[in-house]
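Have a look at the structure below, then the notes.
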Amino acid sequence: MKRIESLNDFVIKFANVNGTGSASANNLFAKALFRMGLPVCPKNIFPSNIQGLPTWYEVRVSEKGYLGRRGGTDIVLSVNPQSMAQDIQDVEPGGYFIYDNTKPLDLRLLRNDVNIIGIPLTLICNEQYKDPRQRQLFKNVIYVGALAALLDMDFKVLTDLVEDQFKGKEKLVLPNIHALELGHQYARTNLECPIGIRVQTSDKVGDKILLDGNTALGLGAIYGGATVAAWYPITPSTSVVDAYEKYARRVRIDPGTGRRNYAIVQAEDELSAIGMVIGASWNGARAFTATSGPGVSLMSEFLGLAYFAEIPTVLFNVQRAGPSTGMPTRTQQSDVLSAAYASHGDTKQVLLFPSTPKECFDFGALSFDLAERLQTPIILMTDLDLGMNDNMSEPLAWDDDRAFDRGKVMTAEQLEEGVEFGRYLDVDGDAICYRTYPGTHPNKGAFFTRGTSRDEYAIYTERGEEYEKNMLRLMRKWETIKEYVPGPEIVDCGKNADTAVLYYGTSEESSREALDYLAEEGVYLDAMRVRSFPFNQEVEDFIDQHKQVFVIEQNRDAQLRTLLMAEFELGPDKLKSVLCFDGTPISARNIRKQIKQHLSGNNVTPLHRNIVAGDTK
Amino acid sequence: MSYQIPKFRHPDLPVNDLGYTKADYEGSISSLCAGCGHDSISGAIVMACHELSIEPHKIAKLSGIGCSSKSPTYFLGNSHGFNSVHGRMPSVVTGAAMANRNLMYLGVSGDGDTASIGMGQFAHVARRNLNMVYIVMNNGCYGLTKGQDSATADEGSASKKGDANVYSAIDLCGTALQMGATFVARSFSGDKGQLVPLIKAAMTHRGFALIDVISPCVTFNNNPGSTKSYEFVREHAEATGTVDFVPMRKEITTDYKPGFSHEVTMHDGSSIHLYKVDEELDPFNRRSAMITLEDHRESGSILTGLIYMDRDSRDLHDVLETSQRPLNELREGDLCPGNKMLENINASLR
């Protein structure tokens, strides 16, 4: 039988039951490969549930450094009978299906184009351990040990890692190493090791780190000087505030008094959370909230107030699959339109699209500078894939000379000197006006913040001309904003291509890989990663320079494409959609397939042909 | 429309300890209906702030949406104001108070803004014991949309059109008590003698202070049959007692009848004196306050005055152990841990 042969390049999927402690064992496996110098990309595909339902953990290993999802599975490690029938179907021909053969495999599931490897995990556990919880937990560690033998991993890296992970809980080190050895020993004695897929130590990791985007965002908020965090628990954003709190407890306790240089308020709902952020920012503190799509819907009214009254507001949106409750533990980029135009009336909101943990950190900290400089909401658009999975990333860095940009704030001294103050008076010509913090001066500079129309001095007015003038100034401010938000990253393929791809956020890695596949086939495309909305001039120029642009995104309705068409008044022919919205991260093979379908002259294909359910692998 | 009140004032207007006259605490001319109870409350706020000698710019006044929430324009013109979103004033105040603990936060709301659309935020701000004064200008109806019943309208109370309200009324004082408010009072816009000292006491209280002020709507809810009309409230109000606020530097000269008065020292050293009229009520006991409220509800009278006060209140800053220095005064050096720490974090992630 054919078997897949590869070195340092494969996809493995663990099929587990959630709540059984599999996540930490699977993490151990991925981290060990990372420590062997191999680029890894682990992705947790988990249910909205605490215990008992199927959960998967996919690890991509790629010496070439592809960190997106490739598509397809070379090895499935199955310890969940509930999902076994589907899991075995997912193995690529020639791939490997490793399962717990304590109970014989249902012969109806058997495939003769897949290598079947049995390990009696339950039997080994039952012989070794009395306690049912231990039997369950160590089963996971045992299969990691067996994999180490099957893939020819450096066993010492694993044992060192266990020692690192249980630092301070030394009692747990030996039992875990013992479990690893049990699996390793079994495989070496009873199975053919290694299988056709194997790994060997490499040097492709460099100084990179393995970090989830949400932790990076929490750190970005610490470094960006946020002192007030208001939030309401919602997957997949909760760990942003968890991380902020974890680091705040470390670095934000006043050494003299022991008191906290931060305040975290768990609000009663998302409306309240954003209200608190607006109140704190209005009063001169740096504040943020983190939420997901449903939260953004609830926050919309307040986002309109912050836009219109021009109050700095920082919102981290970790997107998940909608609409409604949708698939709350699956990923999507489907809040682009609801965030970009959040709230009633004419509103436009600033969006940032990070694509790596490093960028989550950088943009997270930058959000506070932008919010105060531009006096408007900054909505950072990450997603579950980036936020909750460990991603290989450039290390985080901070320039110790960096000062916060607190924007245009008039001081008591300026007011005392008689500098004219009008809260909505554009004195500098950039459409950004001066504000004052409450409590600045006994009788100068106070003003009334409101969501109703007002004149340049913040006095209530219903005069149409005043209202219109203000709304036009906000449009001019929109132009100013383009100069401040991060510009796109452009990759020129060097072949004078008239076709290009455009992507953002977590679609980057798979897109890059897909472009390499296409180049191998002689199809060359330029590429641009959009990093913010409003779109900078370079985005417009790039689109102008190409005859056709594929917009790659992870939602059904081609939301960024819609935004581009609306903002640049483009016709529907110029931009073509490449989409994935099944809740799993978009894969390189899927992108290649969709682009090729478009390029094969099949341009009359209706859009839905590409987005038929099940056609997104 | 907002007009500035003419600056011309009598030269002998009394000044407070800071040298400010009452005019320094006023705002624009009100655009509410003539005779609106809310204007009397604005007047009481001006008087209380002047008498307390608070620097006008050290107060932040925030509101939601509605007639009541427009009123902050009509007082404290030298204070920053924030007319936020319907029912959401409490969250905005919470954020503001977290940012700067050194200002006084005065929230103004109405019965629609608090008891309907803002019920959740009202309950939770009380529960968090945020250090603020929360004044409800309670007229039992929606004035700006022409007189629909609100959730505080009493069952059976007739609107201007003559229809009796069929739903049970939400008692904001009872709700606040239940939610953990540490200062609960009710008053009447027509009784400045009671209202001004209550506002002063509320402003000195550390924690969440609710004053539910019955404030008749002269245009839509002042008709016979309404239980929020001037006439009805005057006839049915029963005070728990009177309150006298004594600043910390003033000598106390009045004699109090033993057994019927309490002196309470506030956290800033000032004190309030309570003259009890209602012998049943122990205003420092939440159970007693709840029973007394319920007794008055049953008898159809309106209990006014100080209903409950927790003398050992710990506000949200106490609970969160936030720095004494306002968070909005912290700078890069206080907030940003620097690159060295990031290098350590990076090392732990390899």
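One table, with the values for the structure above:
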| read-out | value |
| --- | --- |
| Test: residue in segment A:219-239 that is modelled with pLDDT under 95 and over 21 Å from A:Asp335 (Cβ atoms) | no |
| Residue match in segment B:232-244 (condition: more than 24 Å from B:Ala115 (Cα to Cα), polar (S, T, N, Q) and at pLDDT 75 or above) | yes |
| Selection from segment B:71-88 of residues that are surrounded by 24 or more Cβ atoms within 10 Å (Cβ to Cβ), more than 8 Å from every other protein chain (Cβ to nearest Cβ) and part of a helix (DSSP H, G or I) | B:Ser71 |
| Residue that is nearest to B:Ile199 (Cα to Cα), among those in segment B:50-67 that are away from chain A (no Cβ under 12 Å) and in contact with a Leu (Cβ under 7 Å, 6 or more places away or on another chain) | B:Ser53 |
| Positions within segment A:196-217 being away from every other protein chain (no Cβ under 11 Å) and of a type in the set (Gly, Ala, Ser), in sequence order | A:Gly196, A:Ser202, A:Gly213 |
| Count of residues meeting criterion [in contact (Cβ under 8 Å) with a residue 24 or more places away in the chain, within 15 Å of A:Ala32 (Cβ to Cβ) and among the β-branched types (Val, Ile, Thr)] in segment A:164-209 | 3 |
| B:Asp315 within 14 Å of chain A (Cβ to nearest Cβ) and surrounded by 15 or more Cβ atoms within 10 Å (Cβ to Cβ) | yes |
| Matching entry among A:Glu301, A:Glu268 (being surrounded by fewer than 24 Cβ atoms within 10 Å (Cβ to Cβ), in a helix (DSSP H, G or I) and at the interface with chain B (Cβ under 7 Å from one of its Cβ atoms)) | A:Glu301 |
| Counted residues, segment B:170-212 - those being assigned to a helix (DSSP H, G or I), surrounded by 24 or more Cβ atoms within 10 Å (Cβ to Cβ) and of a type in the set (D, E, K, R) | 1 |
| Those residues of segment B:257-277 which are touching a Phe, Trp or Tyr at 6+ places or on another chain (Cβ under 7 Å) and at pLDDT below 75, in sequence order | B:Phe260, B:Ser261, B:Tyr275, B:Lys276 |
| Extreme residue, nearest to the other protein chains (Cβ to nearest Cβ), among residues of segment A:225-247 that are part of a helix (DSSP H, G or I) and surrounded by 24 or more Cβ atoms within 10 Å (Cβ to Cβ) | A:Tyr244 |
| Any hit, segment B:94-109, residues being part of a helix (DSSP H, G or I), more than 8 Å from chain A (Cβ to nearest Cβ), surrounded by fewer than 24 Cβ atoms within 10 Å (Cβ to Cβ) and at pLDDT 95 or above | no |
| A:Ala221 being farther than 22 Å from A:Val59 by Cα, within 14 Å of another protein chain (Cβ to nearest Cβ), touching a Ser or Thr at 6+ places or on another chain (Cβ under 6 Å) and small (Gly, Ala, Ser) | no |
| Residue within segment A:167-186 that is over 30 Å from B:Gly95 (Cβ atoms), in a loop (DSSP other than H, G, I, E, B), within 14 Å of chain B (Cβ to nearest Cβ) and out of contact with any Ser or Thr (no Cβ under 8 Å at 6 or more places or on another chain) present | yes |
| Any hit, segment A:285-294, residues being surrounded by fewer than 24 Cβ atoms within 10 Å (Cβ to Cβ), aliphatic (A, V, I, L, M) and at pLDDT 95 or above | no |
| Selected residue (criterion: nearest to the other protein chains (Cβ to nearest Cβ)) from residues of segment B:117-133 that are crowded, with 20+ Cβ neighbours inside 10 Å and not in a helix (DSSP H, G or I) | B:Arg128 |
| Qualifying residue in segment A:439-454 (condition: more than 9 Å from chain B (Cβ to nearest Cβ) and either touching an Asp or Glu at 6+ places or on another chain (Cβ under 7 Å) or farther than 30 Å from B:Cys336 by Cα (or both)) | yes |
| Residues satisfying the stated conditions in segment B:326-340, i.e. more than 7 Å from every other protein chain (Cβ to nearest Cβ), assigned to a loop (DSSP other than H, G, I, E, B) and surrounded by fewer than 16 Cβ atoms within 10 Å (Cβ to Cβ) | B:Arg331 |
| Residues of segment A:278-298 classified as aromatic (Phe, Trp, Tyr) and more than 8 Å from every other protein chain (Cβ to nearest Cβ), total | 1 |
| Qualifying residue in segment A:216-223 (condition: surrounded by 15 or more Cβ atoms within 10 Å (Cβ to Cβ), assigned to a loop (DSSP other than H, G, I, E, B), in contact (Cβ under 8 Å) with a residue 24 or more places away in the chain and among the small types (Gly, Ala, Ser)) | no |
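The values are calculated or read from the model by the stated rules, or taken from the named source; none is laboratory data. In this text, all values refer to a predicted model and were calculated from it rather than measured experimentally. Reconstructed Cβ throughout: ideal geometry from the backbone, glycine too, with neighbour counts over all protein chains shown.
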